[in-house]
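Working notes for the structure below.
Values in this text are rule-based calculations from the coordinates and carry no lab data. None of these values were measured; they are calculated from a predicted model. Here the Cβ positions follow ideal geometry from the backbone for every residue, glycine too, while neighbour counts run over all protein chains shown.
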Amino acid sequence: MITTKQLIRSALTQIKTAPLNTALYISGVALAVTTVMVLSIIYHVKLSPIYPENNRDRMAYLQQVRATKKDGSGMSQYYMSHTLVKNWLSDLKSADAVAVISDSDQPATIMIPGQEILYNAVTKFTNPDFFKVYDYEFIAGVPFSPDDIAAGRNVAVLNQNKADELFGNAEASIGREIEVNFKSTKVIGVVKPGSAISANSFGEAFLPYTAIPGYDKDGDVGPYIAVFLIKPGKTIDDLKAEISEHIRKSDSTIDVTHYIFNQPYTHYEQTFGSAYVDEDGNAKDAKTLGYYAIVALILLLVPAMNLSGLIIGGINRRSGEIAIRKSFGASRSGLLWQLMVENFILTLLGAIAGLFLSYVAVYFSRQWIFTISDSWVNAYDSVPELSPEMLLSPTLFAIVLIAALILNIASSLIPSWWTLRHPIVQSLNEKR
Amino acid sequence: MNTIISLTGINKLYRTKEIETLALENVNLSINEGEFVSVMGPSGCGKSTLLNIIGLLDRPTSGTVKIDGVEASAMSDRSLARFRNNELGFVFQNFHLINSLNVIDNVEIPLLYRNTPAKRRRELAMKVLERVGLAHRINHYPSQLSGGQCQRVAIARAIVGNPKIILADEPTGNLDSKMGAEIMEILHSLNTDDHRTIVMVTHNENQAKLTNRIIRFFDGRQVQ
Ligand SMILES: Nc1ncnc2c1ncn2[C@@H]1O[C@H](COP(=O)(O)OP(=O)(O)OP(=O)(O)O)[C@@H](O)[C@H]1O
Ligand SMILES: [Mg+2]
């Protein structure tokens with residue numbers, strides 16, 4: 001078997017002897033890998049544990065609620081009302097925490113008393129469990145307490161960027177008075193910022209939802225969504241069963257029937273949305289990821305077909321060398337391995353270039369690329385920040401490797417095998 | 001004397017669109033271990049074809065080839081490869097060195113395919129390069145060598161793995177007479193000192209006369 005050093009040297013020789021072909025091949029691979037990696041980064045960011053959504057595998061979502069009058073006189077559809085939150089989500093045995101978030105997270109205005117400047121902040125009105133479901137890291141201060149929410153206290157947790165903007169640093173913010181939507185509010189905590197890409201958890205300011213005037217003025221539906229942290233050992237089905245039992249009990253005493261489309265959804269179902277669940281919220285078969293894999297495969301196979309032309313050229317140039325090696329004892333399978341590994345070195349170079357290209361592409365398109373498949377686009381105007389864990393993840397590196405491997409096999413296996421079947425004597429004579 | 005190469009009823013037919021060429025016709029030949037045999041005949045009479053068949057680089061259309069007691073037709077690609085690696089060493093008229101490898105890497109090739117450790121490979125390659133007088137040229141590339149030097153590298157490569165049989169197809173055909181004489185000297189020393197069996201194709205009567213036996217071909221048939 002040929003040595004690693006020789007394989008690498010041989011690959012480099014190829015670059016030297018046919019620089020244009022190799023450059024074309026490497027760029028072709030790079031472009032193919034870029035498309036796959038942009039897709040992979042998007043779904044990695046949406047699906048993998050990314051700060052502060054570190055518990056995505058245990059998270060579940062309840063948003064849409066349809067209320068139908070029992071006498072058939074009307075129907076409405078939105079999120080949960082405050083009453084429904086209380087009736088449905090109290091004492092859940094299969095959840096460790098239930099974040100309740102009001103949908104009124106439009107930018108709120110923030111002012112510092114005595115100053116004229118008006119700041120905007122993406123604001124989440126929520127409950128203390130929010131900081132259990134999402135792993136926000138407190139740089140200073142504390143989250144708001146059940147007591148704060150019960151008393152409807154005007155307290156706020158800021159993210160570090162906002163705290164820096166307002167007060168220069170995190171520590172200096174704690175205990176300061178600000179006016180949120182012109183209401184005096186005290187800053188009690190500062191968290192390390194999440195990214196606007198993860199819209200569910202993102203906020204620049206977090207306040208108890210009880211600070212919203214009329215937060216419990218109810219209809220059949222309301223403005224609240226819930227994010228659950230499923231208890232270890234419990235399943236999404238346990239949670240579903242528990243909630244529908246609560247709904248059944250709660251509905252039995254009122255003149256409305258509520259329907260929740262087979263929610264809560266897992267993070268996976270929530271992310272893939274309509275691609276994954278049908279109108280009634282039943283998961284379409286779990287083929288979704290399979291479809292994405294097939295799309296990725298096609299994204300790789302089409303360029304691979306084109307690239308194999310370059311490979312054939314390269315191998316034909318080397319048919320003399322191949323014949324010589326055969327004469328001195330190389331077997332077809334051994335040479336096949338050599339050709340594949342050598343080509344893999346080039347493919348890997350292209351794939352790594354492609355990964356960097358995809359970083360560049362994602363960076364410059366980050367404002368829209370992460371919402372491209374979302375049914376609604378969030379109105380946040382803050383530029384989504386990309387964190388190292390979004391880009392430098394072992395999952396992504398593994399995908400790059402697999403993509404390179406697929407490209408390599410698809411573009412060079414058949415040409416290599418075909419060339420290796422060429423009779424030795426003929427190749428030797430042609431070299432002459 | 002042990003027979004090391006034995007051909008029985010060998011025919012080799014080349015078919016192209018226009019014509020069929022019977023390159024070898026009913027060749028029966030046996031060569032003993034330790035013999036130095038010359039193959040002669042006019043151009044196109046089938047000498048190279050014969051050597052390629054003996055060297056298991058090509059299969060005959062019919063007939064049996066036995067090398068060192070093993071019948072070749074039954075062998076798989078992998079065992080043919082192993083057999084070529086262990087038993088045979090080739091020297092070609094055009095040297096057929098790999099241009100992208102330097103001298104010592106070229107010489108090491110047969111050892112690569114029998115998993116000799118790197119250090120041992122280097123030792124063995126150095127030894128044979130010393131023998132052909134090229135120890136000072138190991139880092140040169142084929143394009144930086146003269147024809148005679150290239151052929152000496154090719155001989156070093158052919159013998160580095162200690163094969164029993166050396167097959168040389170016009171090894172001096174591209175060399176001037178002085179360099180040709182050097183090559184012949186090396187081949188004779190391999191035959192007499194190392195007892196290797198050598199089959200050499202040549203057009204040179206003087207070279208042939210110095211070998212143990214001359215086999216003459218005409219139009220694909222052995223005439224002597
Ligand atoms: N691949 C091939 N296809 C068709 N015919 C071939 C092929 N290889 C050789 N031949 C024919 O077979 C005959 C023998 O060829 P071979 O190369 O063995 O001759 P040779 O004796 O080595 O000649 P030279 O002394 O010129 O090297 C020739 O007539 C040649 O044209
Ligand atoms: Mg010939």
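Data overview
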quantity: Listed pairs A:LYS46/A:LYS217; A:LYS124/A:LYS186; A:LYS86/A:LYS162; A:LYS124/A:LYS249; A:LYS69/A:LYS217 exceeding 24 Å between Cα atoms; calculated: A:LYS46/A:LYS217; A:LYS86/A:LYS162; A:LYS124/A:LYS249
quantity: Debye log10 I(q)/I(0) for the range B:24-82, one point scatterer per Cα, at q = 0.18 Å⁻¹; calculated: -0.71
quantity: Percent antiparallel among DSSP beta bridges (both partners in chain A, rounded to 5); calculated: 80
quantity: Dipole magnitude of the range B:81-125 about its Cα centre (Cβ charges: Lys, Arg +1; Asp, Glu -1), debye to nearest 20; calculated: 200
quantity: Amide H contacts under 5 Å for A:ILE197, placed H, 5+ residues apart; calculated: A:GLU385
quantity: Spatial separation of Cα centroids for the range A:318-337 and the range B:168-207, in angstrom; calculated: 26
quantity: Derived scalar couplings ³J(HN,Hα) [the range A:200-209; Karplus, 6.51 cos²θ - 1.76 cosθ + 1.60; whole Hz; x for Gly, Pro]; calculated: 5, 9, 6, x, 9, 9, 10, 10, x, 5
quantity: Residue order, fewest to most beta carbons within 10 Å, for A:MET80, B:MET40; calculated: B:MET40, A:MET80
quantity: Karplus 3J(HN,Hα) series, Hz, for the range A:183-198 with 6.51 cos²θ - 1.76 cosθ + 1.60 (x for Gly, Pro); calculated: 10, 5, 9, 9, 7, 10, x, 9, 10, 5, x, x, 10, 4, 4, 8
quantity: Span-rule helices in chain A, defined as complete DSSP H runs reaching 20 Å or more along the axis (Cα) with Kyte mean at least 1.0; calculated: A:19-47, A:288-317, A:332-364, A:394-420
quantity: Angle in degrees between helix B:118-131 and the longest Cα principal axis of chain B, rounded to the nearest 10; calculated: 80
quantity: For the range A:345-370 and the range B:40-106, distance of Cα centres in Å; calculated: 49
quantity: Sorted by Cβ neighbour density within 10 Å, fewest at the top, the residues A:SER184, A:SER81; calculated: A:SER184, A:SER81
quantity: Shielding by other protein chains, A:316-327, mean Cβ within 10 Å; calculated: 5
quantity: Net charge over other residues, Cβ less than 14 angstrom from the Cβ of B:LEU129 (K, R count +1; D, E count -1); calculated: +3
quantity: Residues whose placed amide H lies under 5 Å from that of A:ILE139, excluding near-sequence neighbours; calculated: A:VAL190, A:VAL191, A:LYS192
quantity: Total charge dipole magnitude, the range B:40-199, about the Cα centre, Cβ charges on Lys, Arg, Asp, Glu only, Debye to nearest 20; calculated: 460
quantity: Shielding by partners, peptide A:416-423 (average Cβ within 10 angstrom, other chains); calculated: 1
quantity: Order of A:LYS46, A:LYS86, A:LYS124 under a 10 Å beta carbon neighbour criterion, fewest first; calculated: A:LYS86, A:LYS46, A:LYS124
quantity: Using alpha-carbon coordinates, inclination of helix B:177-192 to the longest axis of chain B, degrees; calculated: 80
quantity: Cα Rg, Dmax, the range A:56-275, angstrom units; calculated: 18.2, 58
quantity: Between helix B:77-87 and chain B: long-axis angle, C-alpha atoms, 0 to 90°, nearest 10; calculated: 60
quantity: Estimated D of the protein assembly as shown in µm² per second, where Rh is the Kirkwood radius over Cα pairs and Stokes-Einstein applies at 37 °C, 0.692 mPa s; calculated: 105
quantity: Sorted largest first, extent of the range B:25-152 alpha carbons per principal axis (Å); calculated: 47, 35, 28
quantity: Cα Rg over Rh - chain B, Kirkwood; calculated: 0.96
